[in-house]
Amino acid sequence: MKWWMRMAVGGVGIWCACSGLGSDEGYGEFHVPRADGVRVVVELSRNEVWLDEPLLVEIRIRNERGEGIGLYRSKPEVSFLRLRREGQKFEEWRPDQWEETYRAEGQNLGPGEEFRERRWVLCQWDRRVGRCQRAMPEAGRYWVKAGVSSTHGVAESEAVGFETEEPEGWEREVWQKLPLEEYRALVQLGRVDREGAAEELGNIAREHPGSRYSQYIAMALGKFYASEQYHVGASGEAEKVRGEHRRKAEEYFGLAAKLQQVPWVREQALLELAKLKGGADATRICDEALSNFHDSSLRNEFTKLRAAWQKELEREAARPIDAIGRVERELTELGYDLSRLNDEQKHAINYDIIRATWDDCEERKLSNDDCDAELIRRYKAWAVQNLKPTLPPKTNETSAVTAPVEP
């Protein structure tokens, strides 16, 4: 009897699948407690996928117990997947073939709470041959189930079936153009091992925007370049490389978000694009996603991201208000009566000084630390040039501006 097993540190959550078992539901010689009251449900993005098209699996884990539970995390996912072809036994699908599962910081679920995560199933890395071998190597019917190891035992979902078919029509033409080994490693693992492979795959995605393969490529390249921007040094040349990686990440996330073939990929691309761009762009993208994807498992992430950036934008917007208050108090102490400004002068302050300075800050022409100082400097310079003090000045040795004294 051949067997392999999965173990969490401390002996919690041990389970194994034995090829000699007569039932896929058994755990062989290891009697691991079932996690009663922990419900695991699998949902697929499609019921039919082409060969070399990733199967997108969403796992929903719900705590139906009357007490909290802890889920063990496994590099970095919480759930595990088991896959089988029609007529064969279930085997665990491990994309990178990590042998161990460790007890890391997990996920706590209170009574009635639900945790969701998504997995892409395309291939798994085979160290013996140094390539990513297809999880669904041939056309046919397959089954997938998910499970989770928790503080109360192991829970598994019901098995869900799907079909794998050879691509047809122009999708087949795109498939035949793909450098398949590089494509699989990129989409599943985010790896690009051959020089020029990323550019080759990117060209295919841009040339065939109607293909499902293109949407997966665009999403994977966006993640690849977003990650690569953090792997360069700190020199001036490195900054150029970092900027180019960021530009490419935005380009490919944008392409994946525009394509309509696989909605799950589109919404994931929008989320990644919002994270990458930040600021007002992030809130706009989140608003778009929340209005278009009403039942998405990513709604909570869009909502949290939007709230975080909205708070930051409000904080940044308050900075020039504070700076305006400081400079106006200082000008008043110098003898300038700002309550008597006419409409033309107010317009000049609001647009030529405040708005112009804020625009420079938003366009990163000025750093955050320099924005307030520059606004104060411009406001003071304008006041000295265009106004005359009409109030008795107060001594302010720290002021950068000295009010002119009338003879």
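Condition check ((1) in contact with a strand residue (DSSP E or B) (Cβ under 7 Å, 6 or more places away or on another chain); (2) under 21 Å from Glu58 (Cβ atoms); (3) modelled with pLDDT of 95 or more; (4) part of a helix (DSSP H, G or I)) across all residues:
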residue	(1), (2), (3), (4)
Gly210	no, no, no, no
Leu221	no, no, yes, yes
Gly233	no, no, no, no
Gln260	no, yes, no, no
Trp264	yes, yes, no, yes
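If you go through the range 42-55 and keep only what is part of a strand (DSSP E or B) and out of contact with any Ser or Thr (no Cβ under 6 Å at 6 or more places or on another chain), you end up with Glu43, Leu44, Glu48, Trp50, Leu55. Search the range 338-378 for residues being modelled with pLDDT of 80 or more and of a type in the set (Gly, Ala, Ser), and hand back the single one that is nearest to the chain's Cα centre (by Cα). If we take residues in the range 338-378 being modelled with pLDDT of 80 or more and of a type in the set (Gly, Ala, Ser), then Ala356 is nearest to the chain's Cα centre (by Cα). Taken over the range 144-184, the criterion of being in the same structural domain as Gln215 (by TED's automatic domain parsing) and surrounded by 22 or more Cβ atoms within 10 Å (Cβ to Cβ) is satisfied by Tyr183, Arg184. Any residue in the range 277-289 that is polar (S, T, N, Q), crowded, with 19+ Cβ neighbours inside 10 Å, more than 13 Å from the chain's Cα centre (by Cα) and in a helix (DSSP H, G or I)? Yes, there is a match, as at least one residue in the range 277-289 is polar (S, T, N, Q), crowded, with 19+ Cβ neighbours inside 10 Å, more than 13 Å from the chain's Cα centre (by Cα) and in a helix (DSSP H, G or I). Restricted to the range 67-94, and to residues there that are farther than 23 Å from Glu163 by Cα and part of a strand (DSSP E or B), the residue that is farthest from the chain's Cα centre (by Cα) is Ile69. For Ala282, the conditions (1) out of contact with any Ser or Thr (no Cβ under 8 Å at 6 or more places or on another chain); (2) in contact (Cβ under 8 Å) with a residue 60 or more places away in the chain all hold with the exception of (2).
Which of the residues belonging to the range 51-92 are among the basic types (Lys, Arg) and touching a Pro at 6+ places or on another chain (Cβ under 8 Å)?
Arg65
Evaluate the following for Ile324: is it among the aliphatic types (A, V, I, L, M), surrounded by 12 or more Cβ atoms within 10 Å (Cβ to Cβ) and modelled with pLDDT under 85? Criteria met by Ile324.
Does at least one position in the range 238-256 carry a residue that is in a loop (DSSP other than H, G, I, E, B) and in contact (Cβ under 8 Å) with a residue 12 or more places away in the chain? There is no residue in the range 238-256 that is in a loop (DSSP other than H, G, I, E, B) and in contact (Cβ under 8 Å) with a residue 12 or more places away in the chain. Any residue at all in the range 301-322 that is of a type in the set (Ser, Thr, Tyr) and within 30 Å of Glu114 (Cα to Cα)? Yes: the range 301-322 contains one or more residues that are of a type in the set (Ser, Thr, Tyr) and within 30 Å of Glu114 (Cα to Cα).
Considering only the range 124-143, state which residues are part of a strand (DSSP E or B), crowded, with 19+ Cβ neighbours inside 10 Å and within 28 Å of the chain's Cα centre (by Cα). Of everything in the range 124-143, those that are part of a strand (DSSP E or B), crowded, with 19+ Cβ neighbours inside 10 Å and within 28 Å of the chain's Cα centre (by Cα) turn out to be Gln124, Trp125, Cys132. Hey, does the range 211-228 have a residue that's free of Cβ contacts under 8 Å to residues at least 24 places away in the same chain and within 16 Å of the chain's Cα centre (by Cα)? Scanning the range 211-228, I find at least one residue that is free of Cβ contacts under 8 Å to residues at least 24 places away in the same chain and within 16 Å of the chain's Cα centre (by Cα), so the answer is yes.
The values are calculated or read from the model by the stated rules, or taken from the named source; none is laboratory data. This one's a predicted model, so the numbers in the text were calculated from it and none came from an experiment. Reconstructed Cβ throughout: ideal geometry from the backbone, glycine too, with neighbour counts over all protein chains shown.
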